[in-house]
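Reviewing the structure listed below.
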Number of protein chains: 2
Amino acid sequence: MKKIQFIVIGKTQDSYVQDGIAVFMQRLAPFCQATWHVSKPANYVTTTKKLALEQEAKQIRSFINPRDFTFICDEKGKSLTSIALAKTIEAKAIDGYSSLNFVIGGAFGIAPLLKQEGFLLSFSNMTFNHQLFRLLLIEQVYRSFTILQGSGYHHE
Amino acid sequence: MKKIQFIVIGKTQDSYVQDGIAVFMQRLAPFCQATWHVSKPANYVTTTKKLALEQEAKQIRSFINPRDFTFICDEKGKSLTSIALAKTIEAKAIDGYSSLNFVIGGAFGIAPLLKQEGFLLSFSNMTFNHQLFRLLLIEQVYRSFTILQGSGYHHE
């Protein structure tokens with residue numbers, strides 16, 4: 001069964017986001033082995049932004065295996081339709097990657113070096129609340145699986 | 001105080017979405033007089049899709065005044081950044097519209113005629129769950145007000 005890892009910086013604080021994530025983690029269960037990893041945010045008060053981002057990148061990398069394929073959510077990334085994302089997920093599964101990872105950075109973004117290590121995926125030209133964005137991502141990954149399965153969840 | 005109307009088709013069923021909307025309705029309160037209107041979905045079993053969409057459009061229009069400015073959320077619409085949306089909201093407020101409305105259609109979309117009566121606003125190339133999309137919209141409208149106020153909520 002396909003492994004999916006969600007890697008985020010910092011706990012989910014808003015209870016409505018927690019509840020929504022729980023709903024989609026449950027819905028994902030028949031499709032994949034999904035894990036939700038929470039990485040500790042760096043302390044932006046005692047260090048520079050650059051170093052803090054690198055610290056966070058290091059923690060994010062600790063969840064990533066060289067045989068994984070990693071999507072990094074970034075506003076400046078590539079914008080895909082839901083169907084194109086589903087097809088990309090399918091293609092990467094066929095390519096034999098051991099896990100597909102989805103990374104969401106912290107409030108200050110993602111270290112430039114880490115960005116070069118994954119597929120930059122943009123959801124929108126708009127900026128969303130970092131907490132709420134977690135829901136968007138997990139719903140979209142769930143939608144991808146329903147598209148690949150041909151269930152009625154997604155319709156154009 | 002600026003009037004904002006959210007007009008959606010069908011009740012919010014998912015409790016995490018309801019909770020999230022409640023959070024943002026409260027956060028919006030200092031900025032505007034926001035109202036959340038729920039319009040009844042048409043019966044797609046007993047009528048054609050075209051007629052059903054027109055029935056829903058009629059109900060949506062019942063909340064709209066000729067002196068309002070109406071944004072209609074549509075995947076094929078114009079994609080704005082959060083800052084561009086904030087500036088558009090500000091411009092429309094200056095233009096003296098009595099209310100700014102944000103319409104989300106039902107599961108089958110929006111009647112073509114109604115689409116011609118508003119500003120088609122796209123959030124993403126991706127399709128989102130219609131329930132979850134309500135949260136996206138209200139967060140984005142809240143974000144717009146924080147951008148116009150210059151609070152720290154939004155950072156690039």
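The values are calculated or read from the model by the stated rules, or taken from the named source; none is laboratory data. Quantities reported herein were computed from a predicted structural model and do not represent experimental measurements. Please note: Cβ atoms are built from the backbone with ideal geometry, for glycine as well, and neighbour counts cover all protein chains shown. We work out accessible area using only protein heavy atoms, side chains counted, and drop any ligands, DNA or RNA first. Shrake-Rupley method; radii C 1.70, N 1.55, O 1.52, S 1.80 Å.
Tabulated results
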item	result
Förster radius 35 Å - calculated FRET efficiency between B:Tyr153 and B:Ser62, Cβ distance, rounded to 0.05	0.55
Aspartates and glutamates whose Cα lies under 16 Å from that of A:Lys2, excluding same-chain neighbours fewer than 8 positions away	A:Asp68, A:Glu90, A:Asp95
Inter-label distance for B:Lys49 and A:Val45, nm, one decimal - labels placed 7 Å from Cα along Cα-to-Cβ	5.5 nm
Cα gyration tensor, chain A - rounded (a/c under 1.5), prolate or oblate	prolate
32 Å Cα-Cα threshold exceeded, pairs from B:Lys11/B:Lys50; A:Lys11/B:Lys58; A:Lys3/A:Lys78; A:Lys40/B:Lys87; A:Lys76/B:Lys49	A:Lys11/B:Lys58; A:Lys40/B:Lys87; A:Lys76/B:Lys49
Debye, to nearest 20: dipole size of the protein assembly as shown, +1 on Lys, Arg Cβ, -1 on Asp, Glu Cβ	40 debye
Degrees, to the nearest 10: B:49-61 long Cα axis against longest axis of chain B	40 degrees
Accessible area (Å², 1.4 Å probe, nearest 10) - B:Ser15	70 Å²
Across the identical copies, how the A:Arg67 labels are spaced - nm, sorted shortest first, 7 Å along Cα→Cβ	6.8
Chain A: calculated mean residue ellipticity at 222 nm from DSSP helix runs of at least 4, using -39500 (n - 2.57)	-13000 deg cm²/dmol
Using alpha-carbon coordinates, inclination of helix B:15-28 to the longest axis of chain B, degrees	40 degrees
Protein accessible surface hidden between A and B, which excludes ligands and nucleic acids, total in Å², probe 1.4 Å	2500 Å²
Using alpha-carbon coordinates, inclination of helix B:130-149 to the longest axis of chain B, degrees	30 degrees
Estimated inter-spin distance, B:Lys87 and A:Gln26, nm [label 7 Å along Cα→Cβ]	4.4 nm
Ascending list, in nanometres, of distances separating the B:His37 label from those of the other copies (7 Å, Cα toward Cβ)	4.8
At most 13 other Cβ within 10 Å, DSSP loop - trypsin sites (Lys or Arg not before Pro), segment B:1-110	B:Lys11, B:Arg67
Alpha carbon convex hull of the protein assembly as shown, volume per residue in cubic angstrom	130 Å³
Placed amide H near B:Lys2: partners under 5 Å, 5+ positions off or other chain	B:Gln33
Pseudo-label separations to other copies for B:Ala22 - Cα-to-Cβ vector, 7 Å, nm	1.5
Cα centre as origin, Lys/Arg/Asp/Glu Cβ charges: segment A:50-93 dipole, Debye	120 debye
In nm, spacing of pseudo-spin labels at B:His37 and B:Ile94 (7 Å Cα→C-beta vector)	2.7 nm
